[in-house]
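Below is one structure; the comments refer to it alone.
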Amino acid sequence: MAPSKKGKAKANSGGSTQSSDSVNSNFPSCIRFVPPSSVSITVHAKPGSKVSSITDFDDEALGVQIDAPAKDGEANAALLDYISSVVGVKRRQVSISSGSKSRDKVVIVEEVTLQGVFDALDKVSKSH
C-alpha cells in the first residue's frame, strides 16, 4: 500500500506547481518571480571583458560579459552594479543568491516586478 500513497502524493504535488509555473509562462525560465516582490535571474557571467554587456537572453541563463577580472570578488561587484543599472534599481536591491565563486550564478533583484525586469533586460539585450 505504501507505493500507491506515494503515487498519489506525487500527483497532488504536480498539480500545485502548475499555478506558480503559469505566472512565469510568458517569460524565459532564467527569470522567476520570488514572492513577495523579488525576481531571481539565472546568470552566466563572463568576466574579463572590455565592456559590460548582455550577450544572451534565453531560457537557460542570461549571458553577461563583465568588465572586471574574476579575482577578489571584483567581477561579482561589477555584475551586481551592471544588473542594477540595467534594471533601474539601487545597488542594495541586488544580491547574489548562489554561485558567488562560479560563472553560473543566481542574482536576486528585490522590490521589482517580473514584467519590469523582463522589459529592461529584453531592451538592453536587443540594443547590443
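For S98, the stated conditions hold: it is farther than 24 Å from K126 by Cβ and modelled with pLDDT of 95 or more.
Does S127 satisfy being open to solvent by less than 80 Å² (accessible area, probe 1.4 Å), small (G, A, S) and either under 16 Å from V43 (Cα atoms) or more than 12 Å from the chain's Cα centre (by Cα) (or both)? No, not satisfied. Consider segment 91-114 and keep the residues that are over 11 Å from the mean Cα position of the chain (by Cα) and in contact (Cβ under 8 Å) with a residue 60 or more places away in the chain. The one that is most open to solvent (accessible area, probe 1.4 Å) is E111. Listed by position, the strands (runs of 3 or more DSSP E) inside segment 1-90 whose residues that are open to solvent by less than 20 Å² (accessible area, probe 1.4 Å) and at pLDDT 70 or above number at least 3 are 38-47, 62-66.
Which of the residues belonging to segment 78-90 are of a type outside the set (A, V, I, L, M), touching a residue at least 24 places away in the same chain (Cβ under 8 Å) and over 21 Å from K50 (Cβ atoms)? Once the filter is applied, which keeps residues that are of a type outside the set (A, V, I, L, M), touching a residue at least 24 places away in the same chain (Cβ under 8 Å) and over 21 Å from K50 (Cβ atoms), segment 78-90 yields only G88.
The values are calculated or read from the model by the stated rules, or taken from the named source; none is laboratory data. Because the structure is a prediction, the values reported are computed rather than measured. Ideal geometry is used to build each Cβ from the backbone, glycine not excepted, and the neighbour counts take in all protein chains shown. Just the protein is used for accessible areas: all its heavy atoms, side chains included, with ligands, DNA and RNA removed. Shrake-Rupley method; radii C 1.70, N 1.55, O 1.52, S 1.80 Å.
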